[in-house]
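We did not get these values from a lab; they are worked out from the coordinates using the rules stated. None of these values were measured; they are calculated from a predicted model. Cβ placement follows ideal geometry from the backbone for every residue including glycine, while neighbour counts extend to all protein chains displayed.
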């Protein structure tokens with residue numbers, strides 16, 4: 001008896017697996033099988049499907065079948081030709097010398113009696129970025145641009161744009177673009193839309209070709225919109241962005257003719273129609289007509305919210321953009337943006353932004369009730385956003401501030417840590433917006449201080465403690481608790497502790513004088529962060545030189561805070577409105593930041609162009625504005641006691657730097673500012689008392705500031721004109 005033994009796979013290969021070479025050989029055998037009996041070429045079709053599947057999975061071993069695939073291209077079967085041409089497009093650049101053998105077959109197929117084969121061959125040859133193929137495409141493309149079949153003409157129109165992508169100079173040197181222009185007179189709407197798409201693509205890639213459409217041409221292409229497919233309508237609408245109205249009446253008429261496309265079922269057609277109408281509105285002078293057109297944009301945006309989540313998100317991001325440009329849109333549709341239980345988080349967060357933008361004093365009650373419900377959701381990220389939105393509404397709508405604060409306190413009483421932390425941050429902002437109005441809730445906020453463990457929330461509560469140190473009995477003890485872990489805190493918290501400690505000292509000197517030297521020493525000697533160190537030196541010099549001025553600066557009036565929003569620059573807003581429906585509007589960033597090669601779009605000057613003024617505060621879009629400051633002439637004093645010539649501030653600063661480089665540093669062991677009382681700064685500055693001040697620099701040395709009216713060697717040089725955010 002003989003027993004067969006299977007060899008070990010490490011040497012001879014497993015019988016249950018095939019090497020790549022074996023797989024290629026097997027597919028080659030299948031391609032060559034069938035013979036004359038297989039009249040439908042079923043075996044070849046099956047083999048080609050396997051090859052395409054492997055090719056799709058990036059199996060580069062299939063390139064070895066190139067000669068066999070070229071042999072199959074001569075088979076008069078559309079299905080086989082499609083798979084062979086797909087293989088050719090995929091591997092032609094990898095094996096151009098073999099791919100050239102297929103060129104005569106493609107040229108012959110462009111004369112085939114079947115229009116599908118002609119179009120397929122033309123599309124395939126135009127996709128191959130090999131010089132011989134590109135040059136061989138020009139003459140067949142010219143011939144097929146006037147083919148009797150519209151599908152072939154449509155394919156030829158796209159072929160010109162593809163050729164331009166491969167070889168710009170060759171196309172510009174030929175008459176292909178002129179022939180493309182003539183095809184705009186084609187009777188078939190699909191061909192016209194394809195020609196427009198090709199021209200727009202060429203225009204966006206070219207620096208020398210300009211695309212202009214007059215009113216007659218624009219009117220003609222609009223008339224064929226209803227006869228085009230969804231793709232065709234999108235192509236035509238995009239091309240209308242190249243039309244520059246010369247008359248307000250023309251722009252209005254065109255916008256009215258495009259308006260029915262807003263009710264289309266396809267979201268791309270709807271968003272492109274909105275883009276064109278927003279563009280044409282810039283050339284319409286009649287405000288009543290502009291308002292009427294703006295109101296027509298609301299229903300389609302609302303309808304898009306019934307689409308899948310991805311389309312909803314695109315519509316919502318574009319709604320944020322449109323609201324900044326046209327506040328009248330969606331003004332009465334706030335309820336449709338209320339979140340549903342099954343909305344994805346990215347949709348919910350975007351809806352929150354729109355709810356904030358659309359909130360007014362008339363609907364604030366409904367909005368707050370809805371946000372209160374959101375604050376009880378399971379998703380922590382969404383709850384944080386909802387709580388922050390309540391605080392932003394208090395800043396946005398002054399008449400509703402008390403109602404918003406009551407809602408926040410109600411949520412804080414639930415003792416949920418992440419809600420308490422978000423509420424603390426927004427309450428800090430409310431105090432900044434409305435000073436000396438709602439400080440009665442400080443006690444309720446301080447009660448939850450143990451719940452705060454995030455840097456932003458800690459910085460917020462520390463700011464509150466420092467700002468209202470004179471109203472909080474144990475403010476020094478609260479700060480000491482945080483100072484115990486000063487070196488372990490983030491830079492954001494350390495900066496807040498530094499400023500709060502200085503504020504405590506200014507408002508309650510006896511309680512703060514022990515803390516200030518310690519904190520300043522940490523900030524100037526024990527840190528590597530330049531911001532923290534520079535702020536520490538600034539406070540040290542300010543307190544050492546003129547404590548009275550320090551109070552005016554540190555505790556002075558701050559620029560008013562306003563509600564945060566994604567306010568865009570006017571130029572960016574204008575550009576994004578010309579790109580509604582694109583990826584750039586999702587990011588709400590300039591187009592060239594999203595697509596580096598994108599062509600910037602701007603409104604073209606025209607007699608009909610209307611330049612409307614728009615306020616910064618419209619529709620919940622705000623900016624931080626600083627109050628006007630009267631210019632103060634700087635009067636620097638040089639360390640030597642001599643004033644610089646002609647008030648030369650630069651020389652004074654340079655002299656001060658040289659002076660401070662020679663001053664020895666020493667830790668501020670004694671910061672006695674003249675025995676001032678706890679509740680008053682009494683004799684700050686100019687009391688005639690001689691106090692010992694120390695400034696940390698590179699060495700250790702004590703200097704004595706002069707109390708006389710004149711400048712002396714120990715005087716500080718303070719350069720005015722710099723805005724410091726304290």
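Packing around the peptides 118-131, 221-234, taken as the average count of other Cβ atoms within 10 Å per residue, puts them in this order, highest first: 118-131, 221-234.
Ordered by packing density, taken as the mean number of other Cβ atoms within 10 Å over each peptide's residues, highest first, how do 248-256, 235-243, 595-603 rank?
Working: 248-256: 19.9, 235-243: 22.7, 595-603: 11.8.
Packing order, densest peptide first, comes out as 235-243, 248-256, 595-603.
Going 7 Å from the Cα of residue 107 in the Cα-to-Cβ direction, what parts of segment 80-101 have a backbone nitrogen less than 14 Å from that spot? Of the residues in segment 80-101, 100-101 have backbone N under 14 Å from the label point off residue 107.
Kirkwood-based Rg over Rh for segment 359-453 (C-alpha set), two decimals? Provide the component values of the computation, followed by the final result.
On the way: Rg = 12.4 Å, Rh = 13.2 Å.
In segment 359-453, Rg relative to Rh is 0.94.
Quick check: Cα centre of segment 69-99 to Cα centre of segment 528-563, how many Å? With segment 69-99 and segment 528-563 each reduced to a Cα centre, they are spaced 74 Å. For segment 103-140 versus segment 188-251, the inter-centroid distance based on Cα atoms is 28 Å. In this label model, residue 328 and residue 549 are separated by 5.4 nm, measuring between points 7 Å along each Cα→Cβ vector. Length available on full extension from residue 311 to residue 444: 0.36 nm per residue minus the Cα-Cα distance, which gives 43.5 nm.
The distance between label points at residue 209 and residue 170 comes to 1.5 nm (points 7 Å beyond Cα on the Cα→Cβ vector). Label sites at residue 557 and residue 377, each approximated as a point 7 angstrom past Cα along Cα to Cβ, lie 4.0 nm apart. Measuring r between the beta carbons of residue 369 and residue 346 and using R0 = 25 Å, the FRET efficiency lands at 0.55. For segment 376-440 versus segment 272-329, the inter-centroid distance based on Cα atoms is 31 Å.
If R0 is taken as 56 Å, the Cβ-Cβ distance between residue 474 and residue 598 corresponds to a FRET efficiency of 0.45.
Which peptide among 520-533, 459-472 comes first, and what is the full order, when sorted by highest mean count of other Cβ atoms within 10 Å?
Numbers: 520-533: 15.9, 459-472: 22.5.
Result, highest mean Cβ count within 10 Å first: 459-472, 520-533.
With R₀ fixed at 30 Å, the C-beta to C-beta distance from residue 53 to residue 114 puts the FRET efficiency at about 0.70.
Gain in length, residue 132 to residue 338, computed as 0.36 nm per residue apart minus the alpha-carbon separation, to one decimal in nm? All intermediate terms of the calculation are to be shown ahead of the outcome.
Details: separation 206, 0.36 × 206 = 74.16 nm, distance 5.89 nm.
So the chain would gain 68.3 nm between residue 132 and residue 338.
Diffusion of segment 404-492 by Stokes-Einstein, at 37 °C in a medium of 0.692 mPa s and with Rh set to the Kirkwood radius over alpha-carbon pairs, works out to 248 µm²/s.
Could you tell me which of rounded, prolate or oblate describes segment 43-138, using a ≥ b ≥ c as the square roots of the eigenvalues of the alpha-carbon gyration tensor, with rounded for a/c under 1.5 and, failing that, prolate when a/b is larger than b/c and oblate otherwise?
Details: a/c = 1.91, a/b = 1.20, b/c = 1.60.
Oblate, since a/c reaches 1.5 and b/c is not below a/b.
Compared with the alpha-carbon gap, the fully stretched path from residue 414 to residue 247 is longer by 54.0 nm at 0.36 nm per residue.
When 26, 605 are sorted by how many other C-beta atoms sit within 10 angstrom of their C-beta, beginning with the fewest, the order is 605, 26.
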